[in-house]
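Worksheet for the structure shown next.
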Amino acid sequence: MSTSRTIICLLRNDLRLHDNEITSEELNVEKNVKLVCTQMKVKVESCWGSTLYHRDDLPFNHISRLPDVYTQFRKVIESQSRVRPVFPTPETLKPIPPGLEEGAIPTAEDLKLTEPVDDSRSAFPCRGGESEALARIKHYFWDTNAVATYKETRNGLIGVDYSTKLAPWLAIGCISPRYIYSQIKSYETQRTANQNTYWVIFELLWRDYFKFVALKYGNQIFHINGLQNKSSPWKKDMKLFNAWKEGRTGVPFVDANMRELAMTGFMSNRGRQNVASFLTKDLGLDWRMGAEWFEYLLVDYDVCSNYGNWLYSAGVGNDPRENRKFNMIKQGLDYDNNGDFVRQWVPELQALRGPDVHTPWTLSAAALSHAQVSLGETYPVPIVIAPEWSRHVGKNSLEGLQGLHIEGKRVCLTPPNSTGTEASIFIFLKAKVASDWRTVAEEMGFSYLEITNYETFKNPTDLILNNWPAQDSEASVGKLLFILTKVERRDVVEELRALIDADVTKYLEKKKEYPPVQVDVVDSCVPRTPERVGITLEDDPDGSPELFDAFICYCQSDFNFVHEMIRELEQTEFKLKLCVFDRDVLPGSCVWTITSELIERR
Ligand code: FAD
């Protein structure tokens, strides 16, 4: 049975149950508590208490009308509902009934648990209880003003103050979202009100949203096909899953986050989004395996937020965008630019300097040996390499290919493709990999029947190499090198090396020939107006506009196109700051929210 997040206030013979549960196991706990109370003749009163907006104040007539897209939910609730005020704190409590022993709070030992081990690296080195939650708010809001920069720091990975860290207390009901809201409002009145302070409310609304989604969909939130009843060929490969959960995938950004979770019970939101995308989109594993691992370890585990976010990451929940997939290397470089977070949790890569720590498999043998890293021995080779990663490996790719050893005889490299835009470079080995061709074919994902069929041909190696790119969208030089290394054919690359170098150089040069796409009409290099007019100035409560490199204005029917455009723009080397807004937004409403939601939620 799951842990109940029910807070019980015992007031004489009355029991007030806050935080009505929604999901089946939690409802069962609540039912059992009520049953025991009835037997003991204790009056039980329930009241809704876990969300920012009260369930009865939802402006949707019936929960079945709850929008399936967060933005729609938020717009309606912000404009048509209100947050109820907090109840005043009672000055005294009624005494407990005579004859009832107060008793001592059970220790970890009483509960047959071990005391938690403190880890100085933890991003959540806090204790439980309401007093600690109140102290955290005092610290984050009033003592350090960290809340006034929340939106800018919330994607951090190291330290205590990059985000509020209120989730663990919220999850077990030590603090209410309404109380946090009231503190934000008084902070805004007394100190400053800006998009950062608003953004905490924005995030709390996500929490509300997932709770109401669970109310709408019931147990469907636990179904493999999710809210959309979308069936996908999810795998249940325990070898891959164990590598993920133990932080041994060979992808340092993933491993660092997974180890942080295992050691401390906490992981940043940025980390969670990445490791979830990696499990579902790169490994293709059943998303519920990941959700269950989070359920087991998270100190802020909350059934609705956890399953809601996992459904979202797996593409079977409330994400309006199809096929959202995080690029582990780009994300690592964007949010852990110098690699400090990885080095903090993956000590075996400690001696790799700077951002190189994100892609050890692309480094030269000399660089690895200098850092005392031996791939496959001191640190794993990646269990998967996504083709899109190569775009972010930069100059390392050349060095990396030189460093890998594959064996072979004569090899011919074809250029990337005719348009020159393909990121992966395919090599076609014309030579046989001799007796090992079956093993190579197996690793490439060919079935037993296909392999048996190839046996009848004169040159099966040629066939598998030619057919591989057609059947595996991730077929790439990197993956082939990885496979050949794995099957211990170390005689190929020595001869391949010069050819790969030449090909990669050609590819990189070709890339330079293609300047970023820029259409005259939307050329924003030259300001069109002398003054900074426009929505950002009007809408910023502070009156100081945020500056963007590009504005994208869309109407609802362009939605998918806009996502695609953002994706393309973000893949360029230029770190563009994009402002995305829809045409429905009326002057004076908060454009920031839409903008950042689209960009930041990615
Ligand atoms: P802050 O960034 O300070 O946010 C303030 C508060 O807003 C949080 O305390 C939380 O209550 C709420 N919030 C922020 N982001 C989200 C979100 N995406 N969804 C719902 N509420 C949000 N959060 C949980 O509370 N419990 C979970 O079990 C949980 N599982 C998650 C699983 C995955 C795969 C992902 C991607 C996210 C999950 N989250 C979960 C959401 C989010 O990662 C955490 O709420 C956040 O990292 C907690 O740190 P914080 O309190 O400093 O958050």
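The values are calculated or read from the model by the stated rules, or taken from the named source; none is laboratory data. As the structure is a computational prediction, the values presented were derived from the model and not from experiment. Cβ coordinates were reconstructed from backbone atoms using ideal geometry, including for glycine residues, and neighbour counts include every protein chain displayed. Side chains included, ligands, DNA and RNA excluded: accessible areas come from the protein's heavy atoms. Shrake-Rupley method; radii C 1.70, N 1.55, O 1.52, S 1.80 Å.
Taking the Cα centre of region 72-119 as origin and charging only Cβ (+1 Lys, Arg; -1 Asp, Glu), how large is the dipole, in debye to the nearest 20? Display every interim value, and only then the final one.
On the way: 6 positive and 9 negative charges, 161 e Å.
Computed about the Cα centre, the dipole is about 780 debye.
In whole angstrom, note down how far apart the Cα centers of region 327-346 and region 143-168 are.
First find each Cα centre; the distance between them is then 19 Å.
Which whole-number percent gives the relative contact order of region 222-376, counting Cα pairs below 8 Å spaced six or more residues apart?
Relative contact order comes out at 23 percent.
Sum up the lysine pairs in region 125-251 that clear both bars: alpha-carbon distance under 30 Å and a spacing of 8 or more or different chains.
Count of close lysine pairs: 26.
Can you give me the long-range amide H partners of Val44? Hydrogens built in the peptide plane at 1.01 Å from N, cutoff under 5 Å, separation of 5 or more residues or another chain.
Residues meeting the amide H criterion: Leu15.
I'd like the accessible area for Arg82, computed on protein heavy atoms only with a 1.4 Å probe and all protein chains in place. Round to 10 Å², please.
Answer for Arg82: close to 140 Å² accessible.
How do Phe253, Phe87 rank by accessible surface area computed with a 1.4 Å probe, from largest to smallest?
Numbers: Phe253 5, Phe87 165 Å².
Order by accessible area, largest first: Phe87, Phe253.
Quick one: which of 354-361, 56-63 comes out on top by average Cβ neighbours within 10 Å, and what's the full order, highest first? Don't jump to the answer; show the numbers that get you there.
Values: 354-361: 23.0, 56-63: 12.4.
Ranking the peptides 354-361, 56-63 by packing returns 354-361, 56-63.
Looking only at Cα atoms, what is the convex hull volume of region 104-204 per residue, in Å³? Don't jump to the answer; show the numbers that get you there.
Details: hull volume 11.3 nm³, N = 101.
Spread over its residues, the Cα hull of region 104-204 gives 112 Å³ apiece.
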